[in-house]
Every structure is written in C-alpha cells, then in structure tokens.
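Heads up, the thing below is written out as structure tokens.
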Amino acid sequence: GAIRTLEVGGVRVVVEKRGELVLVAAGPRGDPDAVLREYLAYAHDCVLLVLTAGVHKTLQRRPNADVRDLLGSSTRTILGGLAERWDRRSPDGLGPLSLACGAVPSLRLDAATRKSAGHVLASARQAAQQRAPSALFAVCFCGGRLLAAARPKHSKQDARRLRATDALLLLNFVQSQKAALIAADHSWTPVCLPRFDDRGFLHAYVAYLDADADVALALVAADNAPETFAVLRDAGGAIDAAFRRDGILDAARERVAAGDNLAALAPADCAHLAVATRETTDDSRAGVAQCCATAGC
C-alpha cells in the first residue's frame, strides 16, 4: 500500500492524499500522526480558500499542472504563513489545540468589553444586511486571536454558517496579508470557506483597525457587487468608530501589551491547561466556538 508515515532520525513525516493533491508534513518524532494529519487537512483547506474544490477537477484534466502556479503569490503568503504560525508549544494563534477542539483561539477580555464588541459587530452586520442582503459575517481578530464575531442566526442543522475551521482560515489569511493590508488600507478579496461552500467564492472586506495592536476586521458577503463592497466599507467605518468610542480598541491594546497567558490563572502544580467553549446557536453575537490555552504552566 501507499506510504503514510515515515520516521527519519528525530523527524516524523506524514503523507496524506486529498483528492488530486498529495500533502506532506514533517514534525518532531514525538508528534502523533493525528496531529500532523489535522495540520494537513487544514493546509488543504488553505488551498481551497484560494482555488475552491475546483482545483481537483483542474488537476484531473491537467495532472502535470504545478499547483504553485495556480496559487500564485498565495503560495508564499498563505501557505508560508501557515507554516510560520504553526507552533505546538505556543498558547497563541494556530496550533494543534485549535484544530483538536475545533475552535478559534480567543483573546481574553472582560465580559463587558466582549459583550460590547459583539453588540457593535452584530448591529453593524444587521444594518449592512438591510442594504446588501448578501452580507453574512463580521469577524474581528486581535493579536492572532478572535476578539468577537457576528453572523445570522441559524439552526444547528444549518450547514451554511460560520464554522470554527473557516474562521481559522480567515485568521490565517488576515495574518498572512498583514503588511499588504496595512499598506493598502483595505482589501476586497474572493475567499472560499470550505465548510460553508467549497465550490464557490465569497468575498471578504478586510481592514486593520489598529496595526500596532494587531486588530483586524473581516466582513464577508456572498457576492462581489460594487454596491456590496460600498456597504461593507461603510460598515467597517462604523465598527471602527464604535470600537474607539466604546473603548474596545483601548482594551484590546491593553490586553495585547499585558500578554494573554492562561498560566496566570492556573494552580501552582498545573502541568497543562486548556479552556474551550462550545458554539451556541441562540445569539447572533456568538459567532464560533472559541478556545484559549497554554501549552504548559
């Protein structure tokens, strides 16, 4: 049969086939296969973010095609950024815990600030949807973590909702494009969120509200009409103004400056601490499942 795992010295190599793509991950020998395969599944989703599931049909027709040519500059920014931010020892950003929990790393904030941020996003999203019915999600990240999110109310069986894996893709996209986004003020970009619909593109308005505090906003819609872009740009401006007025940006800056290590909350003899919250379905401000963790206390 096909080789799926190799050990070379102190390195474990895992091979995974997804459709027409063969993905390879190398990690420390102590990393379980399951962890590296989760990473490869996420790397596959990063490819779909740019190309949709149509990449597999393209490769069936042109088996010798170089996927790097299809991805273009995204090869370095998105896949390269994924490799740079994957750190199994770090409590911040993308890591095995986020994928294992099916949750987005969350910025630790006091309840009042988080509720205020969620209310601002939900109000802006609802106002945008009245003008542009295709408006879907509003997600705000800070320091590689989720600050708040808003999306339409949905039932638990509704497949067309913002799932944690798709939010992680948005997080990696935003972090990967940080320099370009700051220089350009904003971006209006096609993105495929595979858990939402792996066959087509949504469009995301992305802008940094505070580059120093690493606060970024992503507003996602189902079409790329100029009118939709204008509505989301206005919504982004309203969110920016409200975050500054209500002290949310100040609170985010303070948290980033102070650090966000859960070890400070753990008992003295704690060896490992992880906290996760399940997704809720009864509040449009509760966007995705969240987790925060520290690799060791």
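Could you check, for segment 139-152, whether at least one of its residues is in a helix (DSSP H, G or I) and open to solvent by 10 Å² or more (accessible area, probe 1.4 Å)? Scanning segment 139-152, I find no residue that is in a helix (DSSP H, G or I) and open to solvent by 10 Å² or more (accessible area, probe 1.4 Å), so the answer is no.
Return the residues of segment 49-66 that are within 11 Å of L79 (Cα to Cα) and open to solvent by less than 10 Å² (accessible area, probe 1.4 Å); say none if nothing qualifies. Walk me through how you get there before you give the answer.
If we filter segment 49-66 for residues that are within 11 Å of L79 (Cα to Cα), which is where we start, we get 49-50.
Within segment 49-66, L49 is the sole residue that qualifies.
Scanning segment 11-29 for residues that are open to solvent by 50 Å² or more (accessible area, probe 1.4 Å) and out of contact with any Asp or Glu (no Cβ under 7 Å at 6 or more places or on another chain) yields V11, K17, R18, E20, V22, V24, A26, P28. In segment 24-52, the residues that are under 12 Å from R4 (Cα atoms) form Cβ pairs under 7 Å with partners that are surrounded by fewer than 18 Cβ atoms within 10 Å (Cβ to Cβ) and of a type in the set (S, T, Y), at six or more places apart or across chains, as follows: D33/T5.
Residue-by-condition table, conditions (1) in contact (Cβ under 8 Å) with a residue 40 or more places away in the chain; (2) under 29 Å from R255 (Cβ atoms); (3) within 13 Å of the chain's Cα centre (by Cα):
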{"residue": "T165", "(1), (2), (3)": "yes, yes, yes"}
{"residue": "H203", "(1), (2), (3)": "no, no, no"}
{"residue": "V220", "(1), (2), (3)": "yes, yes, yes"}
{"residue": "E227", "(1), (2), (3)": "yes, no, no"}
{"residue": "A230", "(1), (2), (3)": "no, no, no"}
{"residue": "A235", "(1), (2), (3)": "yes, yes, no"}
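A41 meets the conditions (1) over 20 Å from C192 (Cα atoms); (2) hydrophobic (A, V, I, L, M, F, W, C); (3) outside any loop (DSSP other than H, G, I, E, B) in every case but one. The failed one is (1).
Only one of these conditions is not met by A211: (1) open to solvent by 30 Å² or more (accessible area, probe 1.4 Å); (2) closer than 21 Å to L79 by Cβ. Which number is it? Unmet for A211, out of (1) open to solvent by 30 Å² or more (accessible area, probe 1.4 Å); (2) closer than 21 Å to L79 by Cβ: (2).
Looking across segment 64-94, just one residue is modelled with pLDDT of 70 or more and on the phi > 0 side of the Ramachandran plot, and that is G72.
Residues of segment 1-38 that are outside any strand (DSSP E or B), in contact with a Ser or Thr (Cβ under 9 Å, 6 or more places away or on another chain) and farther than 27 Å from G72 by Cβ: D33 alone. When the test is whether a residue is under 20 Å from R161 (Cα atoms), surrounded by fewer than 19 Cβ atoms within 10 Å (Cβ to Cβ) and at pLDDT 85 or above, A127 passes it.
The values are calculated or read from the model by the stated rules, or taken from the named source; none is laboratory data. Predicted model, so just to flag it, every value in this text is computed and none were measured. Positions of Cβ are generated from backbone atoms using ideal geometry, with glycine treated the same way; all protein chains shown enter the neighbour counts. What goes into the accessible areas is simple: the full protein's heavy atoms, side chains included, and nothing from ligands, DNA or RNA. Shrake-Rupley method; radii C 1.70, N 1.55, O 1.52, S 1.80 Å.
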